[in-house]
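The values are calculated or read from the model by the stated rules, or taken from the named source; none is laboratory data. Predicted model only: the values in this text are computed from it and were never measured. As a convention, Cβ positions derive from the backbone with ideal geometry for all residues, glycine included, and neighbour counts pool all protein chains shown. Accessible surface is based on the protein model in full, side chains and every heavy atom, while ligands, DNA and RNA are left aside. Shrake-Rupley method; radii C 1.70, N 1.55, O 1.52, S 1.80 Å.
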Amino acid sequence: MNEDDMRLREALRREADTVPHGPAPVEEVLCRGRTARRRRTAGLAGTATAAAALLAFAAVGGPSPAREPAPPATAPPATVLPAPDPPAVSTVRPYRPVPLGHGHSMALLPDGRQNYVVGTGDIRASVEQARQYAGDSIRPNSLSSGLSTGAGHPLFQGAFRADSVPARMEVRLDSGERLPAPVLRLPGPVDWGAYYAFGDASHGIEGWTVTAYAADGSVLLEQRFGRFGR
């Protein structure tokens with residue numbers, strides 16, 4: 001028994017209960033049942049039609065928005081790391097040019113008690129020429145210093161002779177700027193070495209002071225130099 005038959009049976013029972021005498025109005029109840037069924041069928045059909053229309057509009061009612069093409073894959077930018085600072089003191093091989101930066105090189109020679117070459121470009125020919133010199137231009141426990149400005153970056157460079165190798169050195173300009181000065185020395189029990197420091201050409205030329213420090217921070221050597229003499 002379906003749902004419509006159950007509704008019809010219930011309606012007949014109600015009509016029979018309300019009419020005490022005579023036959024139940026079967027035809028009237030059947031007529032009302034057919035009318036209600038037609039209304040429900042029409043309503044369902046309309047609902048189905050509306051749903052189908054909505055689906056059809058969703059399918060073909062309008063163009064879908066254009067999708068932007070994915071950007072081409074690119075590699076992440078390479079990270080350029082700054083060059084590490086040179087050590088405060090480096091032991092170098094004799095006669096071997098050591099790059100300092102900005103096109104400069106320096107070489108230390110064991111001939112004599114203090115002998116070194118500094119210059120731009122290839123300095124190997126200058127090193128060979130310097131081997132004939134004794135190289136003893138500074139006194140014990142003293143400093144030498146010079147300034148080169150021809151390559152665009154002022155280069156403070158010189159040598160020291162001391163009872164012990166400095167733990168670090170520094171060039172301090174008269175304006176107060178402090179420039180770390182890496183030290184180069186030869187292997188073995190030598191009492192001398194060389195140092196260098198690059199300045200800023202935009203600061204102009206001024207006097208400077210060279211200081212050599214011991215490992216405990218005390219001053220081993222210190223001397224002031226000027227642009228045209230001390």
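Here Arg124 passes the criteria (1) of a type outside the set (Asp, Glu); (2) under 15 Å from Ser90 (Cα atoms); (3) out of contact with any Lys or Arg (no Cβ under 9 Å at 6 or more places or on another chain) except the one numbered (2). Evaluating Val118 against the criteria (1) more than 26 Å from Trp208 (Cα to Cα); (2) in contact (Cβ under 8 Å) with a residue 12 or more places away in the chain; (3) of a type in the set (A, V, I, L, M, F, W, C) leaves one unmet condition, (1).
Test Ala194 against the criterion of being free of Cβ contacts under 8 Å to residues at least 60 places away in the same chain and hydrophobic (A, V, I, L, M, F, W, C), and give yes or no. No; evaluated as a whole, the condition is false for this residue.
Residues in the stretch 97-113 that are closer than 29 Å to Asp200 by Cβ and not in a strand (DSSP E or B) were compared, and the one that is most open to solvent (accessible area, probe 1.4 Å) is His102.
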